[in-house]
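Asks: The following block contains the structure, expressed as C-alpha cells.
The values are calculated or read from the model by the stated rules, or taken from the named source; none is laboratory data. Not measured: the values here are computed from a predicted model. Positions of Cβ are generated from backbone atoms using ideal geometry, with glycine treated the same way; all protein chains shown enter the neighbour counts.
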Amino acid sequence: MNAQQTTIHKGLEGIIVDRTAIAKVEGAIGRLSYRGIDIKELTAAHSFVDCVWLVLFGSLPSTEQARALDDFLVRSMAPTDSEQRILAALPRSKHPMEILQGLTPLIDRRFADAPALPVESTELAEGLVIAARLAGILAAWQHLRHGESLPVPDRTLGFQANFLLLFSGRRPTVQALATLQVTQILQMEHGFNASTFAARVATSTLAPVQAVLSAAIGTLSGPLHGGADEAALQMALEIGAPANAADYVRQCLAQKRRIMGMGHREYKTVDPRARILKPMAERLCSGSTHETLFKTLVAVEEAVQQAMAQRGRKIHANVEFYKGAVMNALGIPSDFFTSMFAIGRVYGYLAHFLEQRADNRLIRPQAQYVGPDPASAAQPE
Ligand code: ACO
C-alpha cells in the first residue's frame, strides 16, 4: 500500500461501517428516533420497559408482553448470595463503572422462565438477566459502601420503581419514577456510538453476550463518552456560581481543555436528549438547594457558546450536560451517573448484539504501518 495515497479515517468519523434498523441519529436537525418513533413521543407516552421491547424487537409491546418483560426483569434483579459475597470482598473505593464492567461476566445468568420473547435466543434471555442484575448490583454497591444491607425487590412494583426502592431504600414518588424513566429512555440507544461499536466488535468475534456487555460498559466509562456526565457535574460544583462561569470557560479554552457535556460528533445542533433534559433539570432544581447548580450550568453553556461563536464555531450541550443535575435531584451520587447510563444503555447493546449476530462479519479494520521497515532493520548478530 502506498502511504501517500492512503486516506486515514481517524476516529472513523463519517465512515459507514454497517447498516442498523435500531436508532436513527439525525445530527443536522437534532432528531433521535428508536425504530422509527421520535424520542419525544417515547418519553412522553411510553414506559422504560415498552422502550426496551421496542429497541430489542422493533415494535412496541402489547400490555401482556410489557408486563411479562417487566416481571422477568424484577425477578432477575436481586444479586445472588455469591454475587453479594464478591461485592463485599471488593475495596469500597472501586468506581461503580469498575464494579459493573468487572462483574458482568461473573453474573449468574440462569433463568427459570423467560417471557415469550419474539426472538429465539438463550443468550438474549441471559443478556436480559445480566441487564436486570446490573441494576441490582449497582443498588447493592451503594448500600455496601454505607455498610447497609440491600432491601429486597417488591414484586408489586415495576422494574424501574424497584431500582429506586433498592437504591434509596424508599418507595419512589411518582415524580422520581417518571424522571428516572425519561432519563433512562433517553440513554437507551444511540446508533454506532463508541461503546455500542465496542459491543458490535466483540459480537462480531462471536464472543458470548457477557463479554460483549463488559467490553461495551468499559468503553462507556471514558470522559469523552459516557463519563462526561460525572465530569460535567463536578465542573459545575467546582465553578460554584453562575458569575464564575465565563472566567472558568475562558481559562479552559485558553488551556485547550474540554468543557464536559458540550459538543457532539453527530449533532450539529442541540442534542435532542439535552432538549428534553434541560427543562426537566430546571423544573427539578428550581426553588431547591440545586438551583445554583442549574443556573451555573446554564451560564457555562452560554459562555461556551459565546466563546465558540467568536471563533466562528457553534457548539451545543449534549445529553451529558444537564443529566447530572437531573440525577443529582434524584439523589443519585455523582460517581454513579455513568453507571446509571450503563444500566439504561445495556438494552441498546443487546439490540446491537442481536442485529450484529443476525448478519455477522468479523470487524477487522486495517492500520497504516509507520514503524521501522523490516528490510532495513538491524539484523541480530
Ligand atoms: N470543549 C472545548 N472545545 C471543544 C469541545 C468541548 N467540549 N468539543 C469540541 N471542541 C472543539 C475541539 O477542541 C476542536 O477544536 P480544534 O479543531 O480547534 O482542535 C473542535 O471543537 C472539534 O472537536 P473534535 O474533538 O474534533 O470533535 P469530535 O466530533 O471528535 O468531538 C466530542 C466530539 C468528543 C464529544 C467533543 O465534543 C468533546 O470532547 N466533548 C466533551 C466530552 C463530552 O461531553 N463527551 C460526551 C459526548 S455524548 C456521549 O458520548 C454520550
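Asks: Listed residues Asp108, Asp81; which is without any contact (Cβ under 8 Å) to a residue 40 or more places away in the chain, acidic (Asp, Glu) and under 21 Å from Gly147 (Cα atoms)?
Replies: Asp81
To keep it simple, each residue is scored yes or no on (1) within 19 Å of Tyr349 (Cα to Cα); (2) among the aromatic types (Phe, Trp, Tyr); (3) in contact with a helix residue (DSSP H, G or I) (Cβ under 9 Å, 6 or more places away or on another chain).
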site	(1), (2), (3)
Ala89	no, no, no
Asp113	no, no, yes
Glu126	yes, no, yes
Ile130	yes, no, yes
Arg133	yes, no, yes
Gln142	no, no, yes
Asp154	no, no, yes
Leu157	no, no, yes
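Asks: Among the helices (runs of 4 or more DSSP H) confined wholly to the range 228-301, which include 3 or more residues that are closer than 26 Å to Ala178 by Cα?
Replies: 228-239, 272-285
Asks: Let me ask something else about it. Within the bounds of the range 211-221, is there any residue that is away from the ligand (no atom under 12 Å from the Cβ), surrounded by fewer than 18 Cβ atoms within 10 Å (Cβ to Cβ) and within 27 Å of Gly127 (Cβ to Cβ)?
Replies: yes
Asks: Pick out, from the range 46-129, the helices (runs of 4 or more DSSP H) lying fully within it that include 3 or more residues that are crowded, with 19+ Cβ neighbours inside 10 Å.
Replies: Numbers: elements: 48-57, 63-76, 81-89, 96-103.
Helices (runs of 4 or more DSSP H) meeting the threshold: 48-57, 63-76, 96-103.
Asks: Do you know which residues across the range 172-210 are free of Cβ contacts under 8 Å to residues at least 24 places away in the same chain and either touching a Leu at 6+ places or on another chain (Cβ under 6 Å) or hydroxyl-bearing (Ser, Thr, Tyr) (or both)?
Replies: Of everything in the range 172-210, those that are free of Cβ contacts under 8 Å to residues at least 24 places away in the same chain and either touching a Leu at 6+ places or on another chain (Cβ under 6 Å) or hydroxyl-bearing (Ser, Thr, Tyr) (or both) turn out to be Pro172, Thr173.
Asks: Further, regarding this structure: Quickly run through the range 164-210 and pick out the residues that are of a type in the set (Val, Ile, Thr) and either farther than 17 Å from Ile363 by Cβ or buried (at least 18 other Cβ atoms within 10 Å of the Cβ) (or both).
Replies: Of everything in the range 164-210, those that are of a type in the set (Val, Ile, Thr) and either farther than 17 Å from Ile363 by Cβ or buried (at least 18 other Cβ atoms within 10 Å of the Cβ) (or both) turn out to be Thr173, Val174, Thr179, Val182, Thr183, Ile185, Thr196, Val201, Thr203, Val209.
Asks: So how many residues does the range 302-326 have that are within 10 Å of the ligand (Cβ to nearest atom), charged (D, E, K, R) and assigned to a helix (DSSP H, G or I)?
Replies: Total meeting the criteria: 2.
Asks: While we're looking at this one, here's another question. Taking the stated definitions as given, is Phe294 under 30 Å from Glu126 (Cβ atoms), aromatic (Phe, Trp, Tyr), buried (at least 23 other Cβ atoms within 10 Å of the Cβ) and at pLDDT 95 or above?
Replies: Criteria not met by Phe294.
Asks: On the phi > 0 side of the Ramachandran plot and within 9 Å of the ligand (Cβ to nearest atom): is that true of Gly261 in this structure?
Replies: yes
Asks: Residue by residue through the range 141-189, note down the ones that are among the charged types (D, E, K, R) and either more than 22 Å from the chain's Cα centre (by Cα) or within 29 Å of Pro91 (Cβ to Cβ) (or both).
Replies: Arg145, Glu148, Asp154, Arg155, Arg170, Arg171
Asks: Another question about this same structure. Out of everything in the range 13-27 that is within 14 Å of the ligand (Cβ to nearest atom) and in contact (Cβ under 8 Å) with a residue 40 or more places away in the chain, what residue ends up being farthest from Tyr369 (Cα to Cα)?
Replies: Ala23
Asks: Could you give me the residue pairs with C-beta distances under 8 Å whose first residue belongs to the range 243-257 and is touching a residue at least 40 places away in the same chain (Cβ under 8 Å) and closer than 16 Å to Ala231 by Cα, whose second residue is surrounded by fewer than 17 Cβ atoms within 10 Å (Cβ to Cβ) and of a type in the set (Asp, Glu) wherever it lies, and which are 6+ apart or on separate chains?
Replies: Ala245/Glu302; Tyr248/Glu238
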